[in-house]
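The values are calculated or read from the model by the stated rules, or taken from the named source; none is laboratory data. Just so we're clear, the structure is a prediction, and the values are computed from it rather than from any experiment. Every residue, glycine among them, receives a Cβ derived from its backbone with ideal geometry; neighbour counts consider all protein chains shown.
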Amino acid sequence: MSDAASFLSDLQMRMETHRIATFIVDFHRCTLRAHAAQRELDTDHVEKLYETFKDGIDRQEPLIAIFHGQRSQLPGPGSHLHDISLSIIGGQHRVNALLKLEEDTEKWWTAVLYDEGMSVGPYHLVDADVFWSHRARQWRQS
């Protein structure tokens with residue numbers, strides 16, 4: 001197995017260990033912030049997404065976020081989240097573009113939540129961007 005394949009395999013296993021579930025995040029009822037290790041916000045990219053979202057929003061690709069709190073605070077998978085704090089590690093540009101839209105636009109997105117253990121160790125969530133980018137390319141090619 002190549003170093004890259006080994007890296008992705010290890011990262012995928014670690015991510016699944018810390019994965020909580022997929023939820024619907026209501027932006028008005030949750031505290032959202034960029035993860036400390038996240039790249040800087042590219043305002044040009046946000047603007048392009050904003051213009052695209054005016055014609056319709058494709059919410060198929062979930063956000064990737066770290067949940068700050070006890071799992072017991074969460075409802076069942078697939079439920080709407082509110083009154084919680086999340087650090088966005090994948091999707092901050094989509095969040096910012098969506099928040100720019102008119103008030104009558106529903107401000108929600110699906111998110112795959114991970115516990116805070118995903119932020120530490122040899123592979124942290126910044127590496128998840130590498131993994132998800134790789135997976136997205138695989139899905140598009142199949």
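Of all residues in the range 75-117, those satisfying the criterion of being part of a loop (DSSP other than H, G, I, E, B) and either closer than 14 Å to Arg29 by Cα or of a type in the set (D, E, K, R) (or both) are Ser79, His82, Asp83, Ile84, Glu102, Glu103, Asp104, Glu106, Lys107, Asp115. Just one of (1) over 30 Å from Phe7 (Cβ atoms); (2) assigned to a loop (DSSP other than H, G, I, E, B) fails for Leu41. It is (1). Regarding the range 16-34, can at least one residue be identified that is aliphatic (A, V, I, L, M) and in a loop (DSSP other than H, G, I, E, B)? Checked the range 16-34: no residue is aliphatic (A, V, I, L, M) and in a loop (DSSP other than H, G, I, E, B).
For the range 12-24, a tally of residues being surrounded by 12 or more Cβ atoms within 10 Å (Cβ to Cβ), of a type outside the set (Val, Ile, Thr) and under 17 Å from Ala65 (Cβ atoms) returns 6. Suppose the filter is among the acidic types (Asp, Glu), more than 17 Å from Leu8 (Cβ to Cβ) and modelled with pLDDT under 85; does Glu103 pass it? So Glu103 passes the test.
Yes or no, residue by residue, for (1) without any contact (Cβ under 8 Å) to a residue 40 or more places away in the chain; (2) of a type outside the set (Gly, Ala, Ser); (3) on the phi > 0 side of the Ramachandran plot:
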{"residue": "Phe27", "(1), (2), (3)": "no, yes, no"}
{"residue": "Asp44", "(1), (2), (3)": "yes, yes, no"}
{"residue": "Gln70", "(1), (2), (3)": "yes, yes, no"}
{"residue": "Ser85", "(1), (2), (3)": "no, no, no"}
{"residue": "Ala97", "(1), (2), (3)": "no, no, no"}
{"residue": "Lys107", "(1), (2), (3)": "no, yes, no"}
{"residue": "Leu113", "(1), (2), (3)": "no, yes, no"}
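Give the residues of the range 61-99 that are in contact with a helix residue (DSSP H, G or I) (Cβ under 7 Å, 6 or more places away or on another chain), surrounded by fewer than 22 Cβ atoms within 10 Å (Cβ to Cβ) and small (Gly, Ala, Ser), sorted by residue number. Matches in the range 61-99: Ala97 only. A residue that is in contact (Cβ under 8 Å) with a residue 24 or more places away in the chain, part of a loop (DSSP other than H, G, I, E, B) and either of a type in the set (D, E, K, R) or surrounded by 19 or more Cβ atoms within 10 Å (Cβ to Cβ) (or both) cannot be found anywhere in the range 3-11. Scanning the range 31-60 for residues that are in contact with a strand residue (DSSP E or B) (Cβ under 6 Å, 6 or more places away or on another chain) and over 13 Å from Asn96 (Cβ atoms), we see that the one that is surrounded by the fewest Cβ atoms within 10 Å (Cβ to Cβ) is Thr31.
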